[in-house]
Amino acid sequence: MKGVFLLAAIASLPRSASAKAVIGAKTFPAEAVRAISVRTDGGAISLDVASGKIVSADVLPSPAPGDDCVIDQSLRGGTLTLSAHPGPNPNGGAPKSCSAGFSASAPAGVRIQVRSRDGNVEVGPFSGKIDVRTGSGAITLHRVSGELTLRTSSGTVTGRVGGQQNVDIETGAGASICAV
């Protein structure tokens, strides 16, 4: 079932504040980062715009006891890869869980690709190609522009958008409310 897409004039949407502490911060030269690719199992993802010569990427701690995460924060071929997935189960069987997420800041024009099974995704005022897909996580946008592809199976899509060339939003059970 397709979700509802409403175009509304919303004055502003507050940014959510995270009380979680950062446990694994890395920096990368901004001129080397052309794209950011983020993949998580269930952790929250927050991407924001920052000017300057440094791109920062922080691992947010896992809130669930017993999580066993394999973390990758690497830069290859212009793509900053941030991934957190469950490590192998030492007893065999199904992998353990991983609820780690990421917070990152980068220049406004980088391409953004996000994949998360259950984590909520928040995207700041980026202006390039933005592709976000979640299973049950919500997607929140803050003054984004450019080519947008947004998908969520049971989460909501909310935020402020403007200056789009293409906007493609699809929800399953969640609603979409975006201001232009």
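Here are some notes:
- Segments classed as strands (runs of 3 or more DSSP E), wholly inside the range 104-180, with at least 2 members that are farther than 22 Å from Thr27 by Cβ and modelled with pLDDT of 90 or more: 111-116, 130-134, 139-144, 147-152, 157-161
- Flag if Pro86 is more than 22 Å from Ile130 (Cα to Cα) and in contact with a Cys (Cβ under 6 Å, 6 or more places away or on another chain): yes
- Within the span defined as the range 71-91, one or more residues are at positive phi and modelled with pLDDT of 90 or more.
- Residue in the range 81-92 that is in contact (Cβ under 8 Å) with a residue 60 or more places away in the chain, of a type outside the set (Val, Ile, Thr) and over 19 Å from Val59 (Cβ atoms) present: no
- Index of the failed condition, Ser103 passing every other in (1) within 15 Å of the chain's Cα centre (by Cα); (2) surrounded by fewer than 17 Cβ atoms within 10 Å (Cβ to Cβ): (2)
- Index of the failed condition, Val132 passing every other in (1) crowded, with 20+ Cβ neighbours inside 10 Å; (2) without any contact (Cβ under 8 Å) to a residue 24 or more places away in the chain; (3) farther than 17 Å from Ser46 by Cα: (3)
- Within the range 135-180, the set of residues being in contact with an Asp or Glu (Cβ under 9 Å, 6 or more places away or on another chain), of a type outside the set (Asp, Glu) and over 24 Å from Gly42 (Cβ atoms) comprises Gln164, Gln165, Asn166, Val167.
- Residues (outside any loop (DSSP other than H, G, I, E, B) and either exposed (fewer than 14 other Cβ atoms within 10 Å of the Cβ) or hydrophobic (A, V, I, L, M, F, W, C) (or both)) located in the range 78-96: Leu80, Leu82, Ala84
- Test: residue in the range 150-166 that is within 21 Å of Ser51 (Cα to Cα), crowded, with 21+ Cβ neighbours inside 10 Å and under 14 Å from the mean Cα position of the chain (by Cα): no
- Condition met for Ser56 (small (Gly, Ala, Ser), touching a Lys or Arg at 6+ places or on another chain (Cβ under 7 Å) and assigned to a strand (DSSP E or B)): no
- Filtering the range 59-69 for residues that are among the polar types (S, T, N, Q), at pLDDT below 90, over 20 Å from His142 (Cβ atoms) and surrounded by fewer than 16 Cβ atoms within 10 Å (Cβ to Cβ) leaves an empty set.
- Asp118 being surrounded by fewer than 24 Cβ atoms within 10 Å (Cβ to Cβ) and touching a residue at least 40 places away in the same chain (Cβ under 8 Å): yes
The values are calculated or read from the model by the stated rules, or taken from the named source; none is laboratory data. This structure is a prediction, so every number in the text was calculated from the model and none was measured. Neighbour counts are summed over all protein chains in view; Cβ atoms, including those assigned to glycine, are modelled from backbone coordinates with ideal geometry.
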